[in-house]
Amino acid sequence: MKTILTIIAVVFFGTVAMANETSKEVKVNTITVGVELNIDLHTPVKKNREVARLYKFKNSRVKKELSFTTKKNTAKLA
């Protein structure tokens, strides 16, 4: 009996929800604005005088610094 009343309630509320009139779509006034493209192609090119160093092995300095060992790095025997 409980399931039958639940099904009837669900169907009833579903039909009531569908019967409500939803708000109609409102037309929106659009504004068109012209676009002006001013592109300057003659920009001055910066001349960098920096020098990049090329190493034979990638990240050689980083690997060397990360592979350090300390004096007390050995395992202790108990």
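The values are calculated or read from the model by the stated rules, or taken from the named source; none is laboratory data. Note that the structure is a prediction, hence the values are computed from the model and not measured. Cβ placement follows ideal geometry from the backbone for every residue including glycine, while neighbour counts extend to all protein chains displayed.
Could you pull out the residue among Glu65, Glu50, Glu25 that is assigned to a helix (DSSP H, G or I), exposed (fewer than 10 other Cβ atoms within 10 Å of the Cβ), within 37 Å of the chain's Cα centre (by Cα) and modelled with pLDDT under 80?
Sole residue among the options that is assigned to a helix (DSSP H, G or I), exposed (fewer than 10 other Cβ atoms within 10 Å of the Cβ), within 37 Å of the chain's Cα centre (by Cα) and modelled with pLDDT under 80: Glu65.
In the stretch 28-47, what residues are modelled with pLDDT of 75 or more and among the aliphatic types (A, V, I, L, M)?
Val28, Ile31, Val33, Val35, Leu37
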